[in-house]
Amino acid sequence: MVLPAALLVLGGWIAPPAQDAPRDPVPQLGRELDALRRRSASVEPGTPAARKLAADLGRIGAGYLDAGDTGRAIELLEEAYGWDEQNGLVLSELTLAYVRAEDFAFARFYLELAEQRATQAPPEAYAALGEVYYSLNRIEDAVLAWEQFERLEGNDPALLRRLARARQELSLSHGQRRLEVPGFSISSDEAIPPDVVEKAADSLAAAYKEQSAFFGVTLPTAQVVILYAGRAYFSLVSVPEWVGGVFDGKIRISMDPDQGVTPALEGVLTHELAHALIRRASNDRAPGWLHEGLAQWAEGKRLLPRDLREAFAGGRKPSPIAGMDGEFARKSDRASARALYAEALGLVEYVVQHRGPGALICMLQDLAEGATVEDAIRRETGLTGPGLLAAWRSWAGL
């Protein structure tokens, strides 16, 4: 399961842009940048004007980062850094941009510089640093950074809510052990025996080998996995009782330590790992139905038409493809969620049956290259979104 955007801090799956969103979602930033270029032609390095130029470029770069255009953000923030290497806010935003681009080598380089110069920066630098630390599972450092934001009278209500939740998460992580294995950094509650953690690591390694070959991508750094003994964290972020795992940039699993690594737990681990690879393959642009359908398919679930008819018995109607992301964010009762997940898996199963699994991989690649969801569906299936839904319903006998 991928958590909806309202529950995320950084680096996780977020609701993708509308299918017909333009490539530049913030044209105002483009106009501001054009005006800045005209004014900056005569700026000399090392002058107050150069520092002002760096601050303005940094602000526009941060705007592109907020809008999801990470590549453009990095370009502008690098330029801003070139004009003023002492600007702690630019360094913090640049670190965050590289984290979101999953280029952790550059992120680490700029993080060290940002840590050195944050004392000279405004509160917003600590806001960005906190997000970087949180994404790297350095929760204590994230809390300290966001507390400094608060001390400097930063007043972003959303960030202060993140701070409150991070403090709670930090209290839940007390005593956790960490296991570093190739491809994964696994934290686990003390109540989970070390041999169980090692078996979970082996399961993840086997799933990663298979899935990375299928999706045609690898993860750029060790994937953070957190194994919880019970549901304390899941209750904290209001995850429904029937959900055993979530992916928000980190794989989080609720388990019973006494049961060990069961086939059901292996399925959850495989499912959540698939979300990480789908995000990577699509450049974080895959819609919710494709995320959930492919993740279920990757863990080995299959649905025959008769299974789909059972899931939609009693007059329940499938959701339009364009509206499924909102449905995933709203579904909390088990019966509605079951039908929605069945629809997502059913759509994937239909494409596999009629176009082959390669069509789904191509769809992810199309999205990564900037295609809209509608265009990706049309290219790889020959159908529109509504046409795919109608063909699937006919195949399933709905």
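The values are calculated or read from the model by the stated rules, or taken from the named source; none is laboratory data. These figures come from a predicted structure and were not determined experimentally. No Cβ is skipped: glycine too gets one built from the backbone with ideal geometry, and neighbour counts run over all protein chains shown.
Checking E272, E299 one by one, the residue that is among the charged types (D, E, K, R), at pLDDT 95 or above and not assigned by TED's automatic domain parsing to the domain that holds G68 is E272 and no other.
Across region 158-176, what is the number of residues that are more than 19 Å from A62 (Cα to Cα) and either small (G, A, S) or in contact with a Ser or Thr (Cβ under 6 Å, 6 or more places away or on another chain) (or both)? Total meeting the criteria: 6. Filtering region 242-260 to residues that are in a loop (DSSP other than H, G, I, E, B) and over 22 Å from the mean Cα position of the chain (by Cα) leaves D256, P257, D258, Q259, G260. Contact map, region 355-384: first residue under 19 Å from T218 (Cβ atoms), second residue among the aliphatic types (A, V, I, L, M) and not in a helix (DSSP H, G or I), Cβ cut-off under 8 Å, separation 6 or more or different chains; pairs are L364/A286; L367/A286. Of the residues making up region 310-346, those that are more than 26 Å from E241 (Cα to Cα) and at pLDDT 90 or above number 0.
In region 354-366, is there at least one residue being among the β-branched types (V, I, T) and either within 24 Å of A311 (Cβ to Cβ) or assigned to a loop (DSSP other than H, G, I, E, B) (or both)? There is no residue in region 354-366 that is among the β-branched types (V, I, T) and either within 24 Å of A311 (Cβ to Cβ) or assigned to a loop (DSSP other than H, G, I, E, B) (or both). Of all residues in region 171-204, those that are loosely packed, with under 15 Cβ neighbours inside 10 Å, outside any helix (DSSP H, G or I) and among the charged types (D, E, K, R) total 4. Select from region 289-330 the residues that are surrounded by 18 or more Cβ atoms within 10 Å (Cβ to Cβ), under 19 Å from S394 (Cα atoms) and of a type in the set (G, A, S) and list them in ascending order. Across region 289-330, the qualifying residues are G293, A311, S319. Checking region 311-319 against the condition returns a match, with at least one residue being touching a residue at least 24 places away in the same chain (Cβ under 8 Å) and either in a helix (DSSP H, G or I) or in the same structural domain as V268 (by TED's automatic domain parsing) (or both). None of L345, L277 is under 18 Å from the mean Cα position of the chain (by Cα), closer than 23 Å to L204 by Cα and not assigned by TED's automatic domain parsing to the domain that holds E102 except L277.
Residues of region 155-170 that are among the polar types (S, T, N, Q) and assigned to a helix (DSSP H, G or I): Q168 alone.
Applying the condition of being modelled with pLDDT under 90 and of a type in the set (G, A, S) to region 233-262 and asking which residue is farthest from A164 (Cα to Cα) yields G249. Evaluation of A125 against the conditions (1) crowded, with 20+ Cβ neighbours inside 10 Å; (2) within 21 Å of D156 (Cβ to Cβ); (3) at pLDDT 85 or above shows that the sole unmet condition is (3). For beta carbons closer than 7 Å, sequence separation of 6+ or different chains, a first residue in region 49-65 that is assigned by TED's automatic domain parsing to the domain that holds P27 and a second that is β-branched (V, I, T), the qualifying pairs are A49/V43; A50/V43; L53/V43; A54/V90; G58/V90; G63/V26; Y64/V26.
Of the residues making up region 116-153, those that are of a type outside the set (S, T, N, Q) and over 18 Å from A55 (Cα atoms) number 21.
Here the condition is being farther than 20 Å from S394 by Cβ and in a loop (DSSP other than H, G, I, E, B); of A376, A286, it holds for A286 alone. Residues in region 231-276 that are over 16 Å from E198 (Cβ atoms), surrounded by fewer than 20 Cβ atoms within 10 Å (Cβ to Cβ), of a type outside the set (S, T, Y) and in contact (Cβ under 8 Å) with a residue 40 or more places away in the chain: A232, L236, V237, P240, W242, V243. Scanning region 286-299 for any residue that is without any contact (Cβ under 8 Å) to a residue 24 or more places away in the chain and in contact with a helix residue (DSSP H, G or I) (Cβ under 8 Å, 6 or more places away or on another chain) turns up nothing.
Results for (1) touching a Ser or Thr at 6+ places or on another chain (Cβ under 8 Å); (2) among the small types (G, A, S); (3) closer than 30 Å to V43 by Cα, shown as yes or no for each residue.
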residue	(1), (2), (3)
E75	no, no, yes
A80	no, yes, yes
L94	no, no, yes
V99	yes, no, no
G130	no, yes, no
N137	yes, no, no
W146	no, no, no
D156	no, no, no
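One line per residue, one yes/no per condition, for (1) out of contact with any helix residue (DSSP H, G or I) (no Cβ under 7 Å at 6 or more places or on another chain); (2) not small (G, A, S):
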residue	(1), (2)
D69	yes, yes
G82	yes, no
Y98	no, yes
D103	yes, yes
L111	no, yes
E124	no, yes
I139	no, yes
Q148	no, yes
